[in-house]
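Report on one structure; see the data block that follows.
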Protein chains: 2
Amino acid sequence: MISIRIKQSEHKLREIGVSPSHSRMKIVSYLIGNKNHPTVDEIYSALKPSMPTLSKTTVYSTVKLLVDKGFLLPLFIDENEVRYDPDVSVHAHFKCRKCGDLHDVQASVQKIYNKEGHLIENTHIYFTGICFHCKK
Amino acid sequence: MISIRIKQSEHKLREIGVSPSHSRMKIVSYLIGNKNHPTVDEIYSALKPSMPTLSKTTVYSTVKLLVDKGFLLPLFIDENEVRYDPDVSVHAHFKCRKCGDLHDVQASVQKIYNKEGHLIENTHIYFTGICFHCKK
DNA sequence: GTATCTGCAAAACATTTGCAATTCT
DNA sequence: AGAATTGCAAATGTTTTGCAGATAC
């Protein structure tokens, strides 16, 4: 299971022109295998036990590289917290203000009154509220 | 002109139940009079010349108070940068990746596929790209 | 053997906090 | 005087940077 993901990660990294080092493969592997839109700290904490020499510097530099290559989408939804999403397709997010979890949601923008004529390259939509789980 | 805004600010502050101190009136006044969605640092830098004893701590505590009272909307659009919008009505933003300016835009969400049934309280929409001015 | 990658420590920022000084009524 | 407001300095937390050591091809 994990080895499949590692293979997948190696492929992905080569595809975007990044040499597949051990750390990078593990980080990409973690990102692919988790739908939790992790922060740098969460990636680090999750991998540290199995990679005792891992440093946050490496996680920072890897996510930066992956964002630059278009493989990762950085999400600025809450103050002082950048989350990373390996799904770069157009979609929206929902952030629960109780548990803090971030979920994927499908949504699209209806109309834009862009009378000044700005060149729009990306659309970001997110919702905040109480998630299904915390509502109960 | 400025004195009118100061009067307006005083009124606004009383309205939301905050005592209108000198610093607060000047800060609200600046926010009302500028459409630039300033950061704390920008508010501070703009007011410092005319208020030599002003400290950033005061700006931080004032914007926090105003956010709590619902008068200011904090915007998390770029990493490491919180901007404040005195227009708390529903609207979207456009952030230019060249000049960094943040403009107001009208837009709304078309559909949401919220099959998990999260309770949505707020909707945030912003666009990124090149603004009208930088495009030329 | 040379490039790249990694990790430590320090630096750079933004924000918060504790507390003392000031201001306001 | 008493309560609220302000400002300084230190603390906190996150991200970046410089550089030296490790690793890979």
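The values are calculated or read from the model by the stated rules, or taken from the named source; none is laboratory data. Only a predicted model underlies this, so the values are computations on that prediction, with no experimental measurement involved. Glycine gets a Cβ as well: all are built from the backbone with ideal geometry, and neighbour counts include every protein chain shown.
Taking segment A:92-108 as the range and being over 14 Å from A:ASN36 (Cβ atoms) and modelled with pLDDT of 90 or more as the test, the residues that pass are A:ALA92, A:VAL105, A:GLN106, A:ALA107. Screening A:GLY100 against (1) on the phi > 0 side of the Ramachandran plot; (2) away from DNA strand D (no atom under 16 Å from the Cβ) leaves a single unmet condition, (2).
Scanning segment B:85-119 for residues that are among the polar types (S, T, N, Q), within 7 Å of another protein chain (Cβ to nearest Cβ) and surrounded by fewer than 17 Cβ atoms within 10 Å (Cβ to Cβ) turns up B:GLN106, B:SER108, B:GLN110. For segment A:75-125, enumerate the residues that are under 20 Å from B:VAL90 (Cα atoms) and among the aromatic types (Phe, Trp, Tyr). Once the filter is applied, which keeps residues that are under 20 Å from B:VAL90 (Cα atoms) and among the aromatic types (Phe, Trp, Tyr), segment A:75-125 yields A:PHE76, A:PHE94, A:TYR113. Looking at segment A:76-84, can you tell me whether even one residue there is assigned by TED's automatic domain parsing to the domain that holds A:GLN8, hydrophobic (A, V, I, L, M, F, W, C) and surrounded by 15 or more Cβ atoms within 10 Å (Cβ to Cβ)? There is no residue in segment A:76-84 that is assigned by TED's automatic domain parsing to the domain that holds A:GLN8, hydrophobic (A, V, I, L, M, F, W, C) and surrounded by 15 or more Cβ atoms within 10 Å (Cβ to Cβ). For A:GLY129, the stated conditions do not hold, so it cannot be described as more than 9 Å from chain B (Cβ to nearest Cβ), surrounded by fewer than 19 Cβ atoms within 10 Å (Cβ to Cβ) and of a type outside the set (Val, Ile, Thr).
Just so you know, in segment B:62-74 the residues that are more than 14 Å from B:ILE43 (Cβ to Cβ) and more than 15 Å from DNA strand D (Cβ to nearest atom) include one that is farthest from the other protein chains (Cβ to nearest Cβ), and it is B:GLY70.
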